[in-house]
1. For a protection proxy built on the mean count of beta-carbon atoms within 10 angstrom, sort 344-357, 114-127, 63-76 highest first, please.
2. Mind listing the Cα extents of the chain along all three principal axes, in Å, largest one first?
3. Where in the chain are the DSSP H helices whose C-alpha atoms run 24 Å or more along the long axis and whose mean Kyte hydropathy is at least 1.0?
4. Go through 460-466, 358-364, 179-185 and give me the packing order, highest mean Cβ count within 10 Å leading.
5. Using a basic spin-label model with each label point 7 Å from the Cα along Cα→Cβ, how many nm lie between D417 and E221?
6. Multiply the residue gap between N96 and S248 by 0.36 nm, knock off their C-alpha separation, and tell me the result in nm, one decimal place.
7. Any of K412/K441; K145/K193; K121/K422; K200/K288 with alpha carbons more than 23 Å apart? Name them for me.
8. Return the calculated 222 nm mean residue ellipticity for the chain, to the nearest 500 deg cm²/dmol, obtained by summing -39500 (n - 2.57) across DSSP H runs with n ≥ 4 and dividing by the residue count.
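Computed from the coordinates by the stated procedures, all read-outs in this text should not be read as laboratory data. Quick caveat, the model's predicted, so the values are computed rather than measured. Cβ: placed from backbone, ideal geometry, glycine included. Neighbour counts: every protein chain shown.
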Amino acid sequence: MIRYAAGALSVLALSILAVAAHGRHHLLKLPAETRRFFSAADDDSEGTRWAVLFAGSNGYWNYRHQADVCHAYQILKKGGLKDENIIVFMYDDIANNSENPRPGVIINNPHGDDVYQGVPKDYVGDTVNAENFYAVILGNKTAVKGGSGKVVDSGPNDHIFIYYTDHGGPGILGTPAGPYIYANDLNDVLKQKHAAGTYKSLVFYLEACESGSIFEGLLPEGLNIYATTAANAVENSWGTYCPGDSPSPPPEYDTCLGDLYSIAWMEDSDVHNLRTETLKQQYELVKKRTANDNGEYGSHVMQYGDVKLNTDSLYLYIGTDPANDNFTFAVDNSLLPSSQAVNQRDADLLHFWHKFRKAAEGSDRKVEAQIQLAEAVAHRAHVDNSIKLICKFLFGIEKSHEVMNFIQPTGKPLVEDWSCIKTMVRTFEARCGALSQYGMKHMRAFANICNQGVEIEAMTEASAQACTTFPSNPWSSLHRGFSA
Ligand SMILES: *[C@@H]1O[C@H](CO)[C@@H](O)[C@H](O)[C@H]1NC(C)=O
Ligand SMILES: *[C@@H]1O[C@H](CO)[C@@H](O)[C@H](O)[C@H]1NC(C)=O
Ligand SMILES: *[C@@H]1O[C@H](CO)[C@@H](O)[C@H](O)[C@H]1NC(C)=O
């Protein structure tokens, strides 16, 4: 009995050695789940690279966000990631837009090639929404509505890269149609993903106004997540390659082609061997380019979460283009041309203005551009005035400005009670119309209304008094639905 067992063991050992000599990958054929569990022992200890790319806007005046995401896809694709592991959210109204001077083509740099070619259309149109974003990150196929159904079906040894670009505001990120992405919901999703044990580490690159507020005081250490954001919690982020900038887009483009932080990380990734460049090196470079020294524009790139992960190579997350194998990262070969920039929130006005100026005198196009510009300006004034008035009603004329703009100390989240902020947004929008892209900037006021313990009844009454007639223009929340 004992001899038999010993003999069997040595036979087993011999056969393992024999198979091992043929290469470890053929050692055993295991079901996917089990393979993932053991994959730490593989030669390829990097696991699978997954990526989620999300452009949060639509409309030709927001060309740049979808251009950014298309460019990011090309980097990942050249880096060796497979389409089955890259999930793209883009509204997809740019390439064929009647305003697009190069039909079927999207560029992300004045001299850039087409970045639209080959981009998978996993989630387009109204499927580009917060719920699908969460379901995709969590790898929950049954929770996804519409789209390709592709999700991050990752295992414990895998690396995940998430890149989001759009407008945002304190505590929120935009989506093209539905409710905003709220910081607490997004961080809850990341915590759930961590609890599920389905990644080794995760890198999140985030471009939006006030993007620091998405993680500030909300993303804890210990989740193996490293995040960088285009801006801190209290400032704008910036569009770039805008009409009138230097360098400016080709003259036929009346819209910005990219965003400052996004362009900085992508144009760096385009040219280097990413095996030799760390996340930290890229962070330093992107920070420098995005801050832009001169103070008139630019923002502070921030790091959150497990900052020690920034010693990892970029290769671990986004692969590397073999054509760049000889271009090792070094600070002195990374000096990029500085570019001018336009405040994210003014880029739409800039588009309508250039469209108006260029259109022939007396043309339909001139009239259309004039109406668009006038409506956008009127909407801004309406949103600004109604929120100011509501805060005056709630806090008194003397205190209202201070309360509206109160900034939490560093390290504290915008608000404790996130369900309150959502209720306040709906209450406002029911009486005053949609906050829309521009109105995102006022989320701090809504947060402080909650921080001050204002009752919902008081908010309802103040909103009704401030907005006596419901706006009937395209910005009405009746047409657009609520932002919360
Ligand atoms: C854009 O136009 C091309 C050519 O007409 C067509 O094949 C493609 O499906 C269109 N794409 C979208 C997103 O409408
Ligand atoms: C996936 O989503 C469905 C529908 O929202 C939900 O019922 C289910 O609990 C989720 N599964 C997991 C593993 O979270
Ligand atoms: C890198 O340099 C080596 C040696 O000069 C050369 O053989 C190789 O083709 C180069 N690789 C690329 C991708 O240019």
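1. Working: 344-357: 20.8, 114-127: 18.4, 63-76: 27.4.
For the peptides 344-357, 114-127, 63-76, the packing ranking is 63-76, 344-357, 114-127.
2. 93, 52, 41 Å, listed from the longest principal axis down.
3. Those that pass (Cα extent of 24 Å or more, hydropathy at least 1.0) are 2-21.
4. For the peptides 460-466, 358-364, 179-185, the packing ranking is 179-185, 460-466, 358-364.
5. Each label point is offset 7 Å from its Cα along the Cβ direction, giving 3.2 nm.
6. Between N96 and S248, full extension yields an extra 52.5 nm.
7. Working: K412/K441 19 Å; K145/K193 19 Å; K121/K422 30 Å; K200/K288 29 Å.
Too far apart for the 23 Å limit: K121/K422; K200/K288.
8. Value at 222 nm, helices only: -12000 deg cm²/dmol.
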